[in-house]
Amino acid sequence: MVLQGLYKTGFHPTYHHEHNLFKLNVQDLHYIDGVPQGSVLGPLLYVLYTSPVADIIKRHNLMYHLYADDSQLYVSFKLGSDDPLSSAQYSIETCAKEINNWMILNDLKLNEEKTELPLLNSRYRPSPSLEFVRVGGETIQPSSSVRNLGVVLDPGVDMKDHIKKICKTCHLLLTNISKIRSYLDRDTTEAGAHYPD
């Protein structure tokens, strides 16, 4: 299946037994940059192309999570003195600056407008007093809540915002089902009420 996708996008792999690897010969491609939209190789090539971002993050001793074209930087520190907080802020800012420079050199764009700064801490401990982080030309202030892979996280990690969002969505779905309930049989109504499973 992967090989069929390679052929469709203009890559013609040949397998070399003695070296246990595939060789790709590109023929008749008329693309200056990128890959054809919908290509099975698109996500894989993007991950390969942007893999140096992980090396940049590691150099700054930060934790990270890369998911498709979404990058998340993490830093953990104990409160007590200002030093760990300012050190964390410095690490994030210098790392973001280096990532931004790498992206510019490689014809990519760091989207500062979508950058968020969640400060997550136990509700039993004082909140860190980080006022902002500079990313590119933007000053990013702490967010009251952020969405991460469908989960809404709030500073105290008590999940109140996430539960509120789920209840609102359920109420909307049930309201919509009630409007057409008289046209549905019992099984269809139950299937609609349990969506998505």
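The values are calculated or read from the model by the stated rules, or taken from the named source; none is laboratory data. Please read these numbers as outputs of a predicted model, since none were measured by experiment. A quick note on method: Cβ atoms are made from the backbone with ideal geometry, for glycine too, and the neighbour counts reach across all protein chains shown. Just so you know, the surface numbers come from the protein's heavy atoms only, side chains and all, with ligands and any DNA or RNA stripped out. Shrake-Rupley method; radii C 1.70, N 1.55, O 1.52, S 1.80 Å.
Quick rundown of the values:
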| item | result |
| --- | --- |
| Rounded if a/c under 1.5, otherwise prolate or oblate - segment 109-157, Cα gyration tensor axes | oblate |
| Mean separation of Cα contacts under 8 Å, 6 or more apart, over the residue count of segment 79-197: relative contact order % | 18 |
| Hydrodynamic radius by Kirkwood, which averages 1/r over all alpha carbon pairs of segment 46-89, in angstrom | 11.8 |
| Net charge contributed by nearby residues that have their C-beta within less than 15 Å of Lys114 (K/R +1, D/E -1) | -4 |
| Accessible area of segment 92-197 divided out per residue, in Å², using a probe of 1.4 angstrom | 74 |
| Computed Kirkwood radius, in angstrom, where 1/r is averaged over Cα pairs of segment 102-197 | 17.1 |
| Semi-axis lengths, Å, segment 47-171, gyration tensor of Cα atoms, sqrt of 5 times eigenvalues | 26, 20, 12 |
